[in-house]
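One structure is given below, encoded as structure tokens.
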């Protein structure tokens, strides 16, 4: 290029840049008021900063109207997806009954807000009317304008957190429901979409691929093609009713080792998910497991390439997503009540009432730096460093009988065992953000260490998904064409074990992260963490204890369960008869959620890994407390914090910024 043309070219680029900034600035402005600014149906006083649904989220209210920081607006593209694929991943283990009921109660409000948002007047106040999703654009409201675009093309699917016991004696497929022996307990739902409605668990007619589809006769949908495989609805009442029915059909007899992250990953991300319903009772994970053809077919029907994807995790505990290929293919040892190598060690035998034996301890260096190469398991006895380690010489290298109850094994694992047999959190962060992910052969090093070497197109970012395949190593599962979805089109919400006062109706900022997970959770640095969020069987520093009668306190767990992250009053207290493990009140034990033999409160333990996943996704995720602050049924009609309304607000706000017509 000649030097004479360069100044002219620079002037042209600058002019284009200024024109773009002026255009964006104009888009950021809204109706000026005498005392308030209005942006996307919300009102702001002078000096306040507004967050716009068009990503212009640095707009400050001034006496002359909204003033926006244009460069920030210019760096974030406007949303283009007009479809929503909404996936609920709900814990179905014991202790979840009250939480499932509150979640089912929140679903009508959630779906109503998404499909029929409120109409607003020029001052940003609700008119009392709601959007008619079948009306032409500009006439959705009889009076006023829509707060946000209604969702008129939506898939809703449901997964449970139960993935079975990988061939161990835990969470077997053939166990009957503890509440109804005529039904299966569903301890292994395999990460597949579920279609069992209501207490009798009868299927929803028409849901061939086990999802529900909202597709009303709107002007937008007259030009769109209806998806195949789901039960389709243009009546909102029927759509809401069947969605609630699916949640009610989950049951609460599922696997207590909840694996919501892996369930979501298997269904949405894994190029060739293995079939855990065909897992055999073998000491090692197989080199070539069977392909889960059901997931392949369901995923191809449920997941559109041009949709916004929202995954909602609902759990009252931490994630225990076991990696069966870890520890040299022996990761499932950690699901066994009797740890194989301690079966004959006298000091590792638990009390007969608990049964089984304990797992190997961690080397001493794990207490100083769990990320160091010297931190490992005392079970690796051939290692000279392990042989010389003081911690590994005690009790033949195994935990004492009361220090490793199976019910609490999956917490602080690297600190306690020198290794963590679960899939690393990076697997799930990459799964929701990276276009390439590993397959079965590139996930692990020969030693069993998870490496996650990317090889295949992530199905979340693929154009066309196959509905069939010829085995788990079929190349077409890996070499998918790139689709239009971007990482910003994948959203996550966590309704989990976290104190209500630590979360908000929005994504947390940097200052709000530390009380949830500490200074650096990936390096096990817990400085700054709220004591309620530290998983422990012991009393925690800074927490109230007996004789306090509050349910929000620590207690003597006898090392059989974790201390609580939060509690909440039950809508109706439950008398305990000793036959239901979710009702432990015996009148003698000091349990904070009990008053004598009456269970008065629900509880949750820290949902550490799901929350860490949400925080890793920054502004694309929100965290809400599964411990509802208000559960009195008399407050349902008016209290904005009743039940899971805070969760509804955060989800609707997040989706509303992404699903645009």
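The values are calculated or read from the model by the stated rules, or taken from the named source; none is laboratory data. It should be emphasised that the depicted structure is a prediction, and the values quoted were computed from it without experimental measurement. Here the Cβ is made from the backbone with ideal geometry for all residues, glycine too, and neighbour counts use every protein chain on show.
For every residue, the table says whether it meets (1) surrounded by fewer than 16 Cβ atoms within 10 Å (Cβ to Cβ); (2) in contact with a strand residue (DSSP E or B) (Cβ under 9 Å, 6 or more places away or on another chain); (3) free of Cβ contacts under 8 Å to residues at least 40 places away in the same chain.
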position	(1), (2), (3)
156	no, yes, no
180	yes, no, yes
192	no, yes, no
205	yes, yes, yes
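Give the residues of segment 112-139 that are in contact with a strand residue (DSSP E or B) (Cβ under 8 Å, 6 or more places away or on another chain) and under 23 Å from residue 85 (Cβ atoms), sorted by residue number.
112, 114, 115, 116, 117, 131
Give the residue, chosen from 489, 501, 554, that is buried (at least 18 other Cβ atoms within 10 Å of the Cβ) and over 30 Å from residue 303 (Cβ atoms). Even if it seems obvious, please write down each step before you answer.
Working: 489 fails: over 30 Å from residue 303 (Cβ atoms); 501 fails: buried (at least 18 other Cβ atoms within 10 Å of the Cβ).
Being buried (at least 18 other Cβ atoms within 10 Å of the Cβ) and over 30 Å from residue 303 (Cβ atoms) holds for just one of 489, 501, 554, which is 554.
Can you tell me which residues in segment 306-357 are under 27 Å from the mean Cα position of the chain (by Cα), within 19 Å of residue 377 (Cα to Cα) and not in a loop (DSSP other than H, G, I, E, B)?
322, 326, 327, 329, 331, 332, 333, 334, 335
Consider residue 572 carefully, then state whether it is within 28 Å of residue 649 (Cβ to Cβ), outside the structural domain of residue 89 (by TED's automatic domain parsing) and exposed (fewer than 15 other Cβ atoms within 10 Å of the Cβ).
yes
With within 30 Å of the chain's Cα centre (by Cα), touching a residue at least 12 places away in the same chain (Cβ under 8 Å), more than 21 Å from residue 610 (Cα to Cα) and surrounded by 17 or more Cβ atoms within 10 Å (Cβ to Cβ) as the only criterion, which of 430, 405, 389, 441 stands out?
On inspection, the qualifying residue turns out to be 405.
Of all residues in segment 253-292, which are in contact with a helix residue (DSSP H, G or I) (Cβ under 7 Å, 6 or more places away or on another chain) and under 23 Å from residue 435 (Cα atoms)?
The answer is 260, 261, 265, 266, 267, 268, 269, 271, 272, 273.
Return the residues of segment 278-315 that are over 17 Å from residue 211 (Cβ atoms) and touching a strand residue (DSSP E or B) at 6+ places or on another chain (Cβ under 6 Å); say none if nothing qualifies.
Passing the criteria: 289, 313, 314, 315.
Report yes if residue 85 is in the same structural domain as residue 281 (by TED's automatic domain parsing), modelled with pLDDT of 90 or more, surrounded by fewer than 17 Cβ atoms within 10 Å (Cβ to Cβ) and not in a loop (DSSP other than H, G, I, E, B), otherwise no.
Answer is no for this residue.
Of the residues that sit in segment 364-380 and are within 32 Å of the chain's Cα centre (by Cα), in contact (Cβ under 8 Å) with a residue 40 or more places away in the chain and within 20 Å of residue 447 (Cα to Cα), which one is surrounded by the fewest Cβ atoms within 10 Å (Cβ to Cβ)?
Within segment 364-380, the first condition is being within 32 Å of the chain's Cα centre (by Cα), and the residues that meet it are 366-373, 375-377.
This time we only want the ones that are in contact (Cβ under 8 Å) with a residue 40 or more places away in the chain, so: 366-367, 370-371, 375-377.
Filter again for within 20 Å of residue 447 (Cα to Cα), leaving 370-371, 375-377.
Details: 370: 20, 371: 12, 375: 20, 376: 22, 377: 22.
This residue is 371.
For segment 574-626, how many residues meet the condition of being in contact with a helix residue (DSSP H, G or I) (Cβ under 7 Å, 6 or more places away or on another chain) and in a strand (DSSP E or B)?
Of the residues in segment 574-626, 6 are in contact with a helix residue (DSSP H, G or I) (Cβ under 7 Å, 6 or more places away or on another chain) and in a strand (DSSP E or B).
Sort through 169, 123 and tell me the only one that's loosely packed, with under 15 Cβ neighbours inside 10 Å, over 25 Å from residue 195 (Cβ atoms) and touching a helix residue (DSSP H, G or I) at 6+ places or on another chain (Cβ under 9 Å).
169
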